[in-house]
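Visitor: The structure under discussion is supplied below as structure tokens; questions concerning it will follow.
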Amino acid sequence: MERFLTLGIETSCDETSAAVVLNGREVLSNVIYSQIDIHKRFGGVVPEVASRKHVEIISLIVEEAIKEAGIKFSDIDLIAPTYGPGLVGALLVGLSYAKGLSLSLKKPLIGVNHIEGHISANYIQHKYLEPPFLCLVVSGGHSHLVYIEDYDTYEIIGKTRDDAAGEAFDKIARALGLGYPGGPLIDKIARQGNEDAIDFPRAYLEEESFDFSFSGLKSAVLNYLNKMSMQGIEIKKEDVAASFQKSVVEVLANKTIRAAKLKKINKVALAGGVAANSRLRDELSLLCKKYGFEFYYPSIELCTDNAAMIAASGYYAYKKGRVSSLSINAYPNLKI
Ligand code: KG4
Ligand code: ZN
């Protein structure tokens, strides 16, 4: 029986995370240190502060992941750090640490694409899920509809033309004075609101397009808030949050279902920080049931940034014959 241990390292944004994953699917440890409390007061992630915090605690986090997994450093078979996309200074911390470890342990290194990592969170959650399937990847930095033909073969069917879905959630939350990060806060207060209270626009773009656009919706919400404030009309934050959320969710869910039909694929998955959104999960679950599709999504912890998903992705890329050299660089705009 194979016993292959991958150490995943994730430092692309404001989470310092290290994980040990067995045979690409079984999480032995997944230590996540979130810097949210540090960045909250600035209303968003400050890149230099993030890099400095990563460099300060990366060794501790990795040691904790090794300890929690009940293994020794020498047991590791593969080291898998994120090498993009993300904040360059933040990425360099995890990547450089991984290079040093690879050199000293004489174990292979594989750079992992963060977006592929998000998709791979589904392999951990659903032990029998295998490609092909369709995945809607929605996070703070990305919104992609991806056809996963095989573990290392992806086709981008659609992507955002402007803001990412999570970015829109964060900006609207800030305008409503809810704080950072905004997604979970909008999700929470929207439950007390009327989602049909305000008719915000849905951007479906051209009829055949699977691309997304959230900047028009964002402007519409901001204009609405300005108008109400100029007229001295008090708004109900819960209604604004719920109506905005419905508008985002409807477009995401409908395009995903349409893409699954086009690709004649009956497995649909969700990934990325926004995949934690309860309204999006409910809507897609309902539509998948209606059309007879199987629906997969990761637990909340595996939706937001974590190193276990990075380890899973690294494992499958390595098994497909890919390996990185010690000269691998960080790529802030890396595509899948
Ligand atoms: O995947 P992630 O942790 O980081 C990136 O790779 O970007 O995603 C973070 C994003 C943030 O924009 C956050 O507001 C959003 O995911 N998010 C949510 C929810 N939980 C996190 N958005 C909507 N509803 C949620 N429940
Ligand atoms: Zn992410």
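Visitor: Under 27 Å from the Cα of K218, which lysines turn up, not counting those fewer than eight places away in the same chain?
Guide: In chain and number order, the partners are K40, K159, K171, K188, K227, K236, K237, K246, K255, K335.
Visitor: Right, another one. Report D for region 142-211 in µm² per second (integer): Stokes-Einstein, Kirkwood Rh on Cα pairs, 4 °C, 1.567 mPa s.
Guide: Estimated diffusion coefficient is 90 µm²/s.
Visitor: Sticking with this one: I want to check the label-to-label distance for K127 and D75. Put each point 7 Å from Cα in the C-beta direction and report it in nm to one decimal.
Guide: 1.9 nm
Visitor: Extending each Cα 7 Å along its Cβ direction at L105 and E234, get the distance between those two points in nm, one decimal.
Guide: 5.8 nm
Visitor: How fast does the chain diffuse by Stokes-Einstein, in µm²/s, taking the Kirkwood radius from C-alpha pairs at 4 °C and 1.567 mPa s?
Guide: 64 µm²/s
Visitor: OK, next. Need the C-alpha centroid separation for region 226-289 versus region 45-121, integer Å.
Guide: Rounded to whole Å, the Cα centres lie 33 Å apart.
Visitor: Which one of P298, A165, Q231 has its Cα pushed farthest toward the positive end of the charge dipole of region 131-298, where Lys and Arg give +1 and Asp and Glu give -1 at the Cβ?
Guide: Highest projection toward the positive end goes to Q231.
Visitor: Might you report the magnitude of the Cβ-based charge dipole of the chain about its Cα centre, with Lys and Arg at +1 and Asp and Glu at -1, to the nearest 20 debye?
Guide: Once rounded to the nearest 20, the dipole reads 200 debye.
Visitor: Using 0.36 nm per residue, how much length does the chain from N223 to K320 gain when fully extended, once their Cα-Cα distance is taken away?
Guide: So the extension gain works out to 29.9 nm.
Visitor: Take D152, D187, D14 and order them by how many other Cβ atoms sit within 10 Å, fewest up front.
Guide: Ranking D152, D187, D14 by Cβ neighbours within 10 Å, fewest first, gives D152, D187, D14.
Visitor: Full-extension gain between A197 and K261, please, as 0.36 nm times their residue separation minus the C-alpha to C-alpha distance.
Guide: Gain on extension, A197 to K261, equals 19.9 nm.
Visitor: What number comes out for the charge environment of Y296, summing +1 per Lys or Arg and -1 per Asp or Glu over other residues with Cβ under 12 Å away?
Guide: So the surrounding residues net to +1.
Visitor: Pull out the extension gain between R52 and F4, defined as 0.36 nm times the separation in residues minus the alpha carbon to alpha carbon distance; nm, one decimal.
Guide: 14.1 nm
Visitor: A further question on this structure: Pick out, in residue order, every one of the trypsin sites (Lys or Arg not before Pro) in region 1-53 that is DSSP loop and has at most 14 other C-beta atoms within 10 Å; say none if there are none.
Guide: Filter output for region 1-53: R3, R41.
Visitor: List the chymotrypsin sites (Phe, Trp or Tyr not before Pro) within region 89-152 that DSSP assigns to loop and that have no more than 13 neighbouring Cβ atoms inside 10 Å.
Guide: Passing both the DSSP loop test and the Cβ count: Y128.
Visitor: Treating only the Cβ of Lys, Arg, Asp and Glu as charged (+1, +1, -1, -1), what charge dipole size does region 253-336 show about its Cα centre? Round to the nearest 20 debye.
Guide: With only Lys, Arg, Asp and Glu charged at Cβ, the dipole is about 560 debye.
FYI, it's all coordinate maths here, none of it is from the lab. As the structure is a prediction and not an experimental result, all values here were calculated from the model. Cβ atoms come from the backbone with ideal geometry, glycine included; neighbour counts cover every protein chain shown.
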